[in-house]
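Scroll down for the structure; my scribbles are underneath it.
None of the figures in this text is laboratory data; all of them are computed from the coordinates on show. What you are looking at is a predicted structure, and each value in this text was computed from that prediction instead of being measured. Please note: Cβ atoms are built from the backbone with ideal geometry, for glycine as well, and neighbour counts cover all protein chains shown.
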Amino acid sequence: MAKLTFIAGLAAGYVLGARAGRQRYEQIRQTSAKVWNSGPVQKQVSTAKEVARTKAAPVVADMVADAARATGDKLRSTRTVAGEAIPGSGDANGTPGTDPWASATRADGAA
């Protein structure tokens with residue numbers, strides 16, 4: 001029953017909207033453009049942009065920096081220990097070793 005009521009509402013809205021037509025749409029569009037381009041609205045838009053630039057941007061930058069720092073710390077804390085290192089892939093400190101895959105797939109063609 002609820003679905004039928006919803007569909008009936010959609011149909012009624014479509015019919016009423018179609019009757020209003022393009023002329024009403026243009027009237028609404030022109031009025032909204034006048035309001036948007038008015039002085040008081042544009043003054044508030046400028047104020048909001050400036051607040052975002054001066055207050056929100058540094059906060060967001062700090063949040064991104066904190067997230068990057070936390071991710072780096074987490075990655076450093078989960079590094080491979082020497083006993084778990086894959087032979088030939090380097091040591092636990094990140095020093096590169098002889099990786100057969102890397103030497104076989106080098107871009108300069110040397111194998």
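For residue 30, what is the net charge nearby, where nearby means another residue's Cβ is under 13 Å from its Cβ and Lys, Arg count +1, Asp, Glu -1? Every neighbour counted, the sum reads +3.
Here the Kirkwood formula puts the hydrodynamic radius of the range 1-72 at 17.1 Å, using every distinct Cα pair. Whole-Hz Karplus values for the range 48-53 come out as 5, 4, 5, 4, 4, 5 Hz, taken residue by residue from phi with 6.51 cos²θ - 1.76 cosθ + 1.60 and θ = phi - 60°; glycine and proline positions read x.
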